[in-house]
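Participant: One structure follows; several queries about it will come next.
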Amino acid sequence: MGEVFLHKLDPNTIYEELAQRRGTNKTIRRVENFEIQNKILDDVESRFKALNATRRAAKSTTEAMSHVELCLKFPKSRTVYMGLTLDSVTEIVWDVFKGINEENHLGLKFNETKKIIFYPNGSRTRLFGLDASERQLAKILGQKLRKVSVDEAGSITIDLEDFCFQKVRPALIDLAPFSYLTLLGTCENIPNTYFEKVTTGKCELFDWNVYRWTAYDNPFIKENWSKEIEDILRVNPKAHESSKFKTHYLNEWCSDDDLLIIPWSKMEWIDDLPIDKRHDWNYTLSIDLGYNDATAYSVICYSWNLPDAFVVKTFKETEQDFTAVSNVIKDLKRKYPINNLIVDGANKQGIEEMKKRLGLPEIEIAEKLGKATYLRLLRDDVIMGKLKFIKNDNGELEREWKSLQWKDEKKEKEDDRCQNHLSDAVLYGWRKTSALRGDSPPPKPKEHEPEYETYLEDIEDERAREEIEKESEYYGQPEDEFF
């Protein structure tokens, strides 16, 4: 007969096993030699963190673990994990949460439709896309939140600084000092983003604790990461000089100047408009409408007697409805003798409301066909000094142009990670004034010319975009309950 061995079990071991089986664990397993991950998770003093790491460095996994640990520690907590879109953030982290649950026997429940994670102690974590409607954002950020994470922070196109300070921070006040905000992402080749500002210590609105590391620090991927980089450099020894290699493999901020659309360093600044009685000044006000994205305004001055145009003032405002936009227009008309009023016509209903009900019948719809071609021509005017800028009133435009770049080397589309609201407003006004100030409008390319195919592609792309925007006027995103 076999012998029976009796072992006296430690009570803590018994309790831990029962907690795993019942899904009531208050801790999760960590990787002992993943030092940077454990350091971040142990840092409960820092309310505002920035995680800046390369691909495959486990920053999203680390942040998901932080959500789980907080929700287990504080019953009935509400946390939100955000990304560019709900689809993108789901791809990044939904299965990560499921893996943490399975590995630690936490008993979490997952709502696949609303992307909400339910904890046995009443806590909940929701995934959310920053492209959602203002109403949905208000639902989310109207709660008392324990933690908010913004993934893909280096690629966020909204005003992230304003979003964090004006919307997220107030949602964390109730549960302070045990409430947290984290921005996480990789370095990008887009300069002057808010995430770069945070990770390089240039943000003064928050006391950010910044963590920077690479996949070399991830014990699960370190060996493969090293071999991959060695292979890349073996095939192309100069690969380390490219912006993509520096950002995604070395975690360095850098810009690709060849992709910049407007060379901001060539902007010619003047103190005021030239004084000459022969100059009969005309003013064009052009507007790029937005709501979550900013509404941008541009005032450009020109004269029939001068070949140059002058950007007098540019600025932008967020969360403006059509009445607010109309009031700004009327204020500017009182300040400047506006001859032309040009508005982005994506929202046809809004334009008609501004024309008929809000007293602005003179509105012209902005010309958008051939945008890439006209951006290159605008670039030429900036370089040649034919478009000049009044000092002190165009700083935001300069900052936008410092980061606005083409999507790739083809230079046919703007990088959708970059803000372009002020740039678009200036482009609309510049296109109008170029035909009124003695400059001939850019000619349509002829069929035998190399530019003709690009011209047709621009027209087709613009028509497709307008069709999508038109459909969005009628089909909004479905509303749902928050938690």
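Participant: Is one or more of the residues making up region 198-221 under 20 Å from the mean Cα position of the chain (by Cα), farther than 24 Å from Glu63 by Cα and surrounded by 13 or more Cβ atoms within 10 Å (Cβ to Cβ)?
Facilitator: no
Participant: Glu134: of a type outside the set (Val, Ile, Thr) and free of Cβ contacts under 8 Å to residues at least 60 places away in the same chain, yes or no?
Facilitator: Values: of a type outside the set (Val, Ile, Thr): yes; free of Cβ contacts under 8 Å to residues at least 60 places away in the same chain: no.
It is false that Glu134 is of a type outside the set (Val, Ile, Thr) and free of Cβ contacts under 8 Å to residues at least 60 places away in the same chain.
Rundown of residues vs (1) without any contact (Cβ under 8 Å) to a residue 12 or more places away in the chain; (2) farther than 30 Å from Thr318 by Cβ; (3) over 29 Å from the mean Cα position of the chain (by Cα); (4) assigned by TED's automatic domain parsing to the domain that holds Ala215, yes/no style:
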{"site": "Glu228", "(1), (2), (3), (4)": "yes, yes, yes, no"}
{"site": "Pro237", "(1), (2), (3), (4)": "yes, yes, yes, no"}
{"site": "His240", "(1), (2), (3), (4)": "yes, yes, no, no"}
{"site": "Asn251", "(1), (2), (3), (4)": "no, yes, no, no"}
{"site": "Cys254", "(1), (2), (3), (4)": "no, no, no, no"}
{"site": "Asp272", "(1), (2), (3), (4)": "no, no, yes, no"}
{"site": "Asn282", "(1), (2), (3), (4)": "no, no, yes, no"}
{"site": "Asp288", "(1), (2), (3), (4)": "no, no, no, no"}
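Participant: I would also like to ask the following. Which residue out of Lys386, Lys402, Lys313 is within 25 Å of Ile270 (Cβ to Cβ), of a type in the set (Lys, Arg) and at pLDDT 95 or above? Quick ask: steps written out before the conclusion?
Facilitator: On the way: Lys386 fails: at pLDDT 95 or above; Lys402 fails: at pLDDT 95 or above.
Checking each option against the conditions leaves just Lys313.
Participant: Consider Leu341 carefully, then state whether it is under 26 Å from Ala372 (Cα atoms) and not assigned by TED's automatic domain parsing to the domain that holds Val382.
Facilitator: Details: under 26 Å from Ala372 (Cα atoms): yes; not assigned by TED's automatic domain parsing to the domain that holds Val382: no.
Criteria not met by Leu341.
Participant: So is Ile390 surrounded by fewer than 16 Cβ atoms within 10 Å (Cβ to Cβ), more than 25 Å from Gln320 (Cα to Cα), out of contact with any Cys (no Cβ under 6 Å at 6 or more places or on another chain) and aliphatic (A, V, I, L, M) or not? Break it down into steps so the answer makes sense when it comes.
Facilitator: Values: surrounded by fewer than 16 Cβ atoms within 10 Å (Cβ to Cβ): no; more than 25 Å from Gln320 (Cα to Cα): yes; out of contact with any Cys (no Cβ under 6 Å at 6 or more places or on another chain): yes; aliphatic (A, V, I, L, M): yes.
For Ile390, the condition - surrounded by fewer than 16 Cβ atoms within 10 Å (Cβ to Cβ), more than 25 Å from Gln320 (Cα to Cα), out of contact with any Cys (no Cβ under 6 Å at 6 or more places or on another chain) and aliphatic (A, V, I, L, M) - is not met.
Participant: In region 167-193, which residues are modelled with pLDDT under 90 and of a type outside the set (D, E, K, R)? Talk me through it step by step, then tell me what you get.
Facilitator: First pass over region 167-193, keeping only residues modelled with pLDDT under 90: 187-193.
Within region 167-193, Cys187, Asn189, Ile190, Pro191, Asn192, Thr193 meet the criteria.
Participant: Which residue, of Lys115, Lys147, is basic (Lys, Arg) and without any contact (Cβ under 8 Å) to a residue 40 or more places away in the chain? Give the steps one after another, and end with the answer.
Facilitator: Details: Lys147 fails: without any contact (Cβ under 8 Å) to a residue 40 or more places away in the chain.
After applying the criteria, what remains is Lys115.
Participant: Which ones in region 71-100 are under 25 Å from Pro219 (Cα atoms), surrounded by fewer than 20 Cβ atoms within 10 Å (Cβ to Cβ) and over 22 Å from the mean Cα position of the chain (by Cα)?
Facilitator: Asp95, Val96, Lys98, Gly99
Participant: Kindly indicate whether Pro478 is modelled with pLDDT under 70 and surrounded by fewer than 15 Cβ atoms within 10 Å (Cβ to Cβ). Walk me through it before giving the result.
Facilitator: Values: modelled with pLDDT under 70: yes; surrounded by fewer than 15 Cβ atoms within 10 Å (Cβ to Cβ): yes.
It is true that Pro478 is modelled with pLDDT under 70 and surrounded by fewer than 15 Cβ atoms within 10 Å (Cβ to Cβ).
Participant: Just to be sure, is Asp256 acidic (Asp, Glu), in contact with a helix residue (DSSP H, G or I) (Cβ under 8 Å, 6 or more places away or on another chain) and either at pLDDT below 85 or surrounded by fewer than 13 Cβ atoms within 10 Å (Cβ to Cβ) (or both)? Reasoning before the result, please.
Facilitator: On the way: acidic (Asp, Glu): yes; in contact with a helix residue (DSSP H, G or I) (Cβ under 8 Å, 6 or more places away or on another chain): yes; either at pLDDT below 85 or surrounded by fewer than 13 Cβ atoms within 10 Å (Cβ to Cβ) (or both): yes.
So Asp256 fits the description; yes.
Participant: Residues in region 345-386 that are over 11 Å from Leu427 (Cα atoms) and in a loop (DSSP other than H, G, I, E, B): how many?
Facilitator: Here the count works out to 14.
Participant: Still on this model: Restrict the check to region 329-351 and report whether at least one residue is among the hydroxyl-bearing types (Ser, Thr, Tyr), within 17 Å of Phe310 (Cβ to Cβ) and modelled with pLDDT of 90 or more. Outline the logic, then answer.
Facilitator: Here is the first cut: in region 329-351, the ones among the hydroxyl-bearing types (Ser, Thr, Tyr) are 336.
So of that shortlist, the ones also within 17 Å of Phe310 (Cβ to Cβ) come out as 336.
Now restrict to residues that are modelled with pLDDT of 90 or more: 336.
Yes: region 329-351 contains one or more residues that are among the hydroxyl-bearing types (Ser, Thr, Tyr), within 17 Å of Phe310 (Cβ to Cβ) and modelled with pLDDT of 90 or more.
Participant: Can you go through Lys202, Lys197 and tell me which one is closer than 30 Å to Trp264 by Cα and part of a helix (DSSP H, G or I)? Walk me through it before giving the result.
Facilitator: On the way: Lys202 fails: part of a helix (DSSP H, G or I).
After ruling out the rest, the residue left standing is Lys197.
Participant: Which residue, of Asn339, Asn392, is of a type outside the set (Asp, Glu), closer than 22 Å to Cys301 by Cα and part of a strand (DSSP E or B)? Quick ask: steps written out before the conclusion?
Facilitator: Details: Asn392 fails: part of a strand (DSSP E or B).
Only one candidate passes the filter, namely Asn339.
Participant: In addition: Looking at Gly359, Gly385, Gly370, can you tell me which residue is surrounded by 15 or more Cβ atoms within 10 Å (Cβ to Cβ) and over 22 Å from the mean Cα position of the chain (by Cα)? Step through it out loud before you land on a result.
Facilitator: On the way: Gly359 fails: surrounded by 15 or more Cβ atoms within 10 Å (Cβ to Cβ); Gly385 fails: surrounded by 15 or more Cβ atoms within 10 Å (Cβ to Cβ).
None of the others qualify; the one that does is Gly370.
Participant: A further question follows. Going through region 269-326 one residue at a time, which ones are among the acidic types (Asp, Glu), buried (at least 16 other Cβ atoms within 10 Å of the Cβ) and part of a loop (DSSP other than H, G, I, E, B)?
Facilitator: Once the filter is applied, which keeps residues that are among the acidic types (Asp, Glu), buried (at least 16 other Cβ atoms within 10 Å of the Cβ) and part of a loop (DSSP other than H, G, I, E, B), region 269-326 yields Asp293, Asp308.
Participant: Can you confirm whether Lys167 is surrounded by 23 or more Cβ atoms within 10 Å (Cβ to Cβ), more than 12 Å from the chain's Cα centre (by Cα) and of a type in the set (Lys, Arg)? Reasoning before the result, please.
Facilitator: Values: surrounded by 23 or more Cβ atoms within 10 Å (Cβ to Cβ): no; more than 12 Å from the chain's Cα centre (by Cα): yes; of a type in the set (Lys, Arg): yes.
So Lys167 fails the test.
The values are calculated or read from the model by the stated rules, or taken from the named source; none is laboratory data. Fair warning: this is a prediction, and the values are worked out from it, not measured in the lab. Glycine also receives a Cβ, built like all others from the backbone with ideal geometry; neighbour counts cover every protein chain displayed.
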